[in-house]
Structure formats: structure tokens, C-alpha cells
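Step one of this worksheet: look at the structure below.
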Amino acid sequence: MFINNFDPVAFDIFSLEIRWYSLSYILGIIFGWLYCKKKLIVEEKYQKLFDDYILYLIFGIILGGRLGYVFIYNLKYFFYHPLEILMIWQGGMSFHGAVIGIVLATYLFSSKNKINFFYFLDLVALSAPIGIFLGRISNFINSELYGRETDLIWSVKFTVVDNLNRHPSQIYEALLEGLILFLILNYFISRVNKKEGYISALFLIFYSIFRFAIEFTREPDQHIGLLFFGLSMGQLISLIVLIIGLILWHSKKNV
């Protein structure tokens, strides 16, 4: 059993607190950008366009992630506290909301520059696990999105939450949705020659499967609880995303 009593503040700069949560977003975007620029993008045209695309991507992640959390997970609370919607530094982001934001931002950018919609989405899919890994590690440090009670030897006691031994579900997600997903997608991109959008489809499929499975060890949101068939909100949304991914994969696999 491991005792988690980490400080969510990484360091201070002139009394300004820099939190691990914020650093995970910053480093995830930087590392993802470098990976795409140095490893994935070959054409000079797309090298230049990708730099411009990053700004769209950042807005898509932040706006989509925050609004997704507001409308999917906590609409009642934010209806009565609308100003707190802007307080993203306090946490509260939805992965699935961020996906929607990224898709919309990519659509706007690709339409403006008259390029294939899926070209940049595939790049995001290949590099996103880096940010997911860092984000889940920061969730662990912050003692948030913690797991259900367990007596396994690798259980964790989140002292700011309670005295129960819990699944380190954030670490499970970091490994599966981050590290393993990164290896799977980059394995496929090096061995298949499919139409653009194929990797995006695989991302949706594998992420949804991993997320659905891990949610069985993750404590459901207290204000939502478990829903249909004893599934969490995250699992229900993952099923929808899985279906979308399978439809997209079927449309691309034989091309």
C-alpha cells in the first residue's frame, strides 16, 4: 500500500503557484508538437501549417475540455455558479469534450487552408497519448479521479480524500491510455498504408476500450454515481465513441 500525500503545487514563481495539472497540459502540448515536427511530418508545407494549427488545437482542447465537463458532468452546479466555468485552474476538464473541441478546431483550420481534415487529426491521435499520460500522472498527484476501494498490494491511500485503500486508477489510465496506446498507434502507422483517418479511428477504438475497462476500478463522480446497467457516465460516453470509431475504421480499412 502506498500513501499519496503529494503537493499539487509543483513550485512557486514570485508567489504564483505553478500546479502539476497546468504543467501536464503545457508539457503535453510541447512534447506532442516536437514529436510531430521531428518525427511524423515530412512535407515542408505541413511543417509550416502545423505551427499555425497548434493555436487552434490549444483553444480546442481548453474550450472543449472545459465545456464538456460543464455540460456532461456538472451542469447543475455550473448553472448556479456560471463564473466558475472560467476557473479552469481549479480543475474540471472532460477528455471527450476535448476531443469534440479538437475535431471542431481541426475542421475550421483544414477548411480555411483547404487540406484534408484527417491529416492533422491523425497527427493528434499519434501524439495525444503523450499528453494523456502526463495528465493522468497529474491526476494521481492531485489525488483526483481516484479508484474504488481495494485490498490489492499496490493499493493507494489518498490522504486528502479518506483513509481507504484504493485502486490507483490514474496510473492504470496513464499506462493504458498513454503508454500502451502510444505504442499501438505508432506501431500501426509504421506498418500500414491506409487512407487518412485510419489512425484516428484506431485511437477512438482503443482509447474507448481502455477507458471503459478502467472505469470499473475508478470511483464514479459522487454527484452522478452509476447510471444504466451499473455503468458510469465515462463508460456510456466511451461506448458511443467506440461505435463512432468502429464506423470510421470500417470506412477506412479497405481503402
task: Go through (1) under 30 Å from T159 (Cβ atoms); (2) under 20 Å from the mean Cα position of the chain (by Cα); (3) β-branched (V, I, T) one by one and return the number of the condition V9 breaks.
output: (2)
field: Output for the stretch 19-56, where each listed residue is closer than 21 Å to Q170 by Cα and either assigned to a helix (DSSP H, G or I) or of a type outside the set (D, E, K, R) (or both)
entry: W20, Y21, S22, L23, S24, Y25, I26, L27, G28, I29, F31, G32
message: Just to be sure before I move on: is T150 at pLDDT 95 or above, polar (S, T, N, Q) and surrounded by fewer than 19 Cβ atoms within 10 Å (Cβ to Cβ) in the structure I sent?
response: yes
task: Kindly establish whether K112 is at pLDDT 90 or above and not in a loop (DSSP other than H, G, I, E, B).
output: yes
- line: Within the stretch 8-49, of all residues that are touching a residue at least 12 places away in the same chain (Cβ under 8 Å) and of a type in the set (D, E, K, R), the one surrounded by the fewest Cβ atoms within 10 Å (Cβ to Cβ) is K37
query: Are any residues in the stretch 63-95 outside any loop (DSSP other than H, G, I, E, B), under 26 Å from S208 (Cα atoms) and touching a Lys or Arg at 6+ places or on another chain (Cβ under 9 Å), and if so, which ones?
result: I88, F95
task: Consider L123 carefully, then state whether it is closer than 25 Å to Q47 by Cβ, touching a Leu at 6+ places or on another chain (Cβ under 7 Å) and not β-branched (V, I, T).
output: yes
- prompt: What are the residues in the stretch 219-255 that are closer than 20 Å to Y119 by Cα and among the polar types (S, T, N, Q), if any?
  reply: S251, N254
- request: State whether one or more residues within the stretch 217-231 are of a type outside the set (D, E) and touching an Asp or Glu at 6+ places or on another chain (Cβ under 7 Å).
  value: no
- request: Tell me which residues, restricted to the stretch 92-129, are within 13 Å of the chain's Cα centre (by Cα) and either over 17 Å from I199 (Cα atoms) or surrounded by fewer than 22 Cβ atoms within 10 Å (Cβ to Cβ) (or both).
  value: G92, M93, S94, F95, H96, G97, A98, I100, G101
task: Give the number of residues within the stretch 158-180 that are crowded, with 17+ Cβ neighbours inside 10 Å and either of a type in the set (S, T, N, Q) or part of a strand (DSSP E or B) (or both).
output: 5
- prompt: If you check F59 against the conditions, is it in a helix (DSSP H, G or I) and surrounded by fewer than 16 Cβ atoms within 10 Å (Cβ to Cβ)?
  reply: yes
field: Any pair with Cβ under 9 angstrom, 6 or more apart, that starts in the stretch 119-137 at a residue that is touching a residue at least 12 places away in the same chain (Cβ under 8 Å) and ends at one that is in a helix (DSSP H, G or I) and of a type in the set (D, E)
entry: P129/E177; I132/E173; I132/E177; F133/E173; F133/E177; G135/E173; R136/E173; R136/E177
message: Condition first: hydrophobic (A, V, I, L, M, F, W, C) and touching a Phe, Trp or Tyr at 6+ places or on another chain (Cβ under 8 Å). Now tell me which residues in the stretch 34-48 satisfy that.
response: C36, I41
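The values are calculated or read from the model by the stated rules, or taken from the named source; none is laboratory data. None of the values given here were measured: they were computed from a predicted structure. Note that each Cβ is placed from the backbone with ideal geometry, even for glycine, and that neighbours are counted across all protein chains shown.
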